[in-house]
Amino acid sequence: MTDSPSTANVRAMVVNSFGGPDTLTAEEVHLKAPARGEVLVRLAVAGVNFVDTYMRRGLRPMPLPFTPGLEGAGVVEAVGPDVSNVRPGDRVAYAQQQGAYAEATVVPADSLIPLPDDMSFEDGAAFPLQGMTAHYLIHEYREPSEGDVVLIHAAAGGVGLLLVQWARHLGARVIGTVSTEEKAEVVRQAGAHDVILYTERDFAEETLRLTAGHGADLIIDGVGASTFQGNLRAAALRGHIVVFGAASGPADPISPNMLMERSLSLSGGDLWHFMETRDDMLSRANAVIEGIENGWLKPRICRVLPLADAAEAHRLLGERQTIGKVLLSTGT
């Protein structure tokens, strides 16, 4: 693999044109030596996320060609000048750095999260993006307290399952929405008190029924178009709605005055804005790691596929055939 002590050719999955999963092709790409403040990480596992599919389709355009993947876990292989926080041989993970669908990648040293020796690379790749997302969604807007009702959409997804566990850990009554009974059972096992099959019932009406008309004090929504209007009906008096995604498309606009009817508040979130400094990032990452090590937070890994099967991973996500996290293994 190595051309010289400072450069490397590695296998990677590359998008050369926007389109369907088959636009992901295996190629050999050249990595430059780590520059000042950078490190080369030999990746063992990469995490697969919906945002990767958006980039592949051109919904979040990237300069072509590019290697998808925003998170991974592996071992530091080389460091550039002025890097003091990690050294070769360290086990690390990272998030929000492009290019993880590869055998190795070069990332800023400040983006790295030290992994405990007893944490697998699979867990290390599964938790960063979704775990830190769950952390800010739970803690930054209206942190649930004992007895609060929390409604979590897409509760069987990677973020959703972590949110269910975190809200339950804080003492909230958790209601999740899912599309199938299989997913409902997984969400119950994660700690949800009630699960609503939105394919069979109006989730807003069911939330009000389950709570004797109270509604949800906090609603966390990564779905968007198909759920947002219902959120306005399902929210409790002085309830808070957080929108952090648009899996079903962007939500229709509303008049801000509509929020006055029950004194609702509304926020939008993006993980990037909640890990702008290394201290912020490590604080969130370490909170997730602590939950995993203490046993009350468990990332659910749905499938681990070979790196070359990245197109299949994208198909599984696009067809809603996953419950939890999909990973890609480099085989190293």
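From the list 135, 153, the one residue that fits, being within 17 Å of the chain's Cα centre (by Cα) and open to solvent by 20 Å² or more (accessible area, probe 1.4 Å), is 135. Could you go through region 169-178 and let me know if any residue there is open to solvent by less than 40 Å² (accessible area, probe 1.4 Å), within 19 Å of residue 326 (Cβ to Cβ), at pLDDT below 95 and not in a helix (DSSP H, G or I). Scanning region 169-178, I find no residue that is open to solvent by less than 40 Å² (accessible area, probe 1.4 Å), within 19 Å of residue 326 (Cβ to Cβ), at pLDDT below 95 and not in a helix (DSSP H, G or I), so the answer is no. Restricted to region 120-132, and to residues there that are in contact (Cβ under 8 Å) with a residue 40 or more places away in the chain and open to solvent by 10 Å² or more (accessible area, probe 1.4 Å), the residue that is farthest from the chain's Cα centre (by Cα) is 121.
If you go through region 78-90 and pick out every residue that is surrounded by 18 or more Cβ atoms within 10 Å (Cβ to Cβ) and either of a type in the set (D, E, K, R) or not in a loop (DSSP other than H, G, I, E, B) (or both), you end up with 2.
In summary, strands (runs of 3 or more DSSP E) completely within region 235-332 and bearing 3 or more residues that are hydrophobic (A, V, I, L, M, F, W, C) occur at 235-243, 301-306, 325-329.
Scanning region 45-66 for residues that are touching a residue at least 60 places away in the same chain (Cβ under 8 Å) and more than 14 Å from the chain's Cα centre (by Cα) yields 45, 56. Of all residues in region 296-317, those satisfying the criterion of being closer than 23 Å to residue 164 by Cβ and open to solvent by 40 Å² or more (accessible area, probe 1.4 Å) are 296, 298, 300, 301, 302, 303, 304.
Within region 299-318, residues that are of a type in the set (D, E, K, R) have Cβ atoms under 8 Å from residues that are at pLDDT 95 or above and surrounded by fewer than 21 Cβ atoms within 10 Å (Cβ to Cβ) in these pairs: 312/21; 312/305; 315/21, counting only partners at least 6 apart in sequence or on another chain.
Among the residues of region 37-77, those identified as under 24 Å from residue 299 (Cα atoms), of a type outside the set (A, V, I, L, M, F, W, C), outside any helix (DSSP H, G or I) and in contact with a Pro (Cβ under 8 Å, 6 or more places away or on another chain) are 47, 71.
The values are calculated or read from the model by the stated rules, or taken from the named source; none is laboratory data. Because the structure is a prediction, the values reported are computed rather than measured. Counting neighbours? That spans all protein chains shown, and the Cβs are built from the backbone with ideal geometry, glycine included. Heads up: the accessible areas ignore ligands, DNA and RNA and are worked out on the full protein's heavy atoms, side chains in. Shrake-Rupley method; radii C 1.70, N 1.55, O 1.52, S 1.80 Å.
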